[in-house]
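Trainee: Handing you a structure now.
Values quoted throughout were computed directly from the atomic coordinates according to the rules given, and no laboratory measurement underlies them. Quick caveat: nothing in here was measured; it's all calculated off a predicted structure. Please note: Cβ atoms are built from the backbone with ideal geometry, for glycine as well, and neighbour counts cover all protein chains shown.
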Amino acid sequence: MKRGYVIGIGLIALCAATAIFSLRGAVTPNVDFARAEQSRDTVQIYGRLVRDSVSMNQSMTHVRFQLAEDKTARRLALTYDNPGSPVPANFRSAAQVRVIGTYEPATRLFHADQLYTKCPSKYDSGTYKQPTALQGIK
C-alpha cells in the first residue's frame with residue numbers, strides 16, 4: 001500500500017475519533033422525573049409548570065418552581081439561578097417548561113442550568129368550525 005494512502009486513512013480515523021469524542025458530551029438525554037432523581041449526570045426533563053409554585057427575584061435570574069409530569073402528575077421542585085441569563089419574559093404564562101440540569105439529592109432540588117418555555121397557543125382550535133360551501137349564500 002502506498003505511504004500516502006496510509007497517512008490519509010490515519011488522518012481520517014483521527015478526525016472521526018475526535019468528532020465522536022467531542023459530540024459524545026453534546027447529547028443530553030431526555031428522562032422522566034424518577035430517572036432524573038436517580039441520575040447524577042446532566043439530564044433534560046419536560047413538564048407542565050405549576051404556576052402557583054413560582055417564586056422569582058426582581059431581576060428574574062433566580063427562580064424556584066415546580067413542574068408536573070404529564071403522564072404521572074408527579075411533581076418535582078426546581079431552581080434556576082443564572083445571573084447572566086434571566087428566565088424568558090413569558091415564563092409565568094408558559095404551558096410547558098423544558099430544563100437541562102442535575103438533581104441534587106441533599107436539597108431534593110433539580111438545579112436547572114438551561115430553561116426553555118413553551119407558551120400556550122393563542123388559538124383555540126376546539127371552537128373553530130369549518131364553514132360549509134353553502135354557508136353565507138342566501
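Trainee: What is segment 28-121 by shape, rounded, prolate or oblate, if you read a ≥ b ≥ c off the alpha carbon gyration tensor as root eigenvalues and call it rounded for a/c under 1.5, prolate for a/b larger than b/c, and oblate otherwise?
Mentor: oblate
Trainee: Using a Förster distance of 41 angstrom, determine the FRET efficiency expected from the C-beta separation of K118 and L14, and round it to 0.05.
Mentor: My answer for the efficiency is 0.50.
Trainee: Given 0.36 nm per residue, what is the gain on full extension from S55 to N82 after removing their alpha carbon distance, in nm?
Mentor: Values: separation 27, 0.36 × 27 = 9.72 nm, distance 1.46 nm.
Result: 8.3 nm gained on full extension.
Trainee: Something else now. Extending each Cα 7 Å along its Cβ direction at H62 and Q96, get the distance between those two points in nm, one decimal.
Mentor: Placing both labels 7 Å along Cα→Cβ, they lie 3.1 nm apart.
Trainee: HN-Hα J couplings of segment 64-71 from phi, Karplus 6.51/-1.76/1.60, θ = phi - 60°, integer Hz, Gly and Pro as x?
Mentor: Per-residue couplings from phi come out as 10, 7, 10, 10, 10, 6, 4, 6 Hz.
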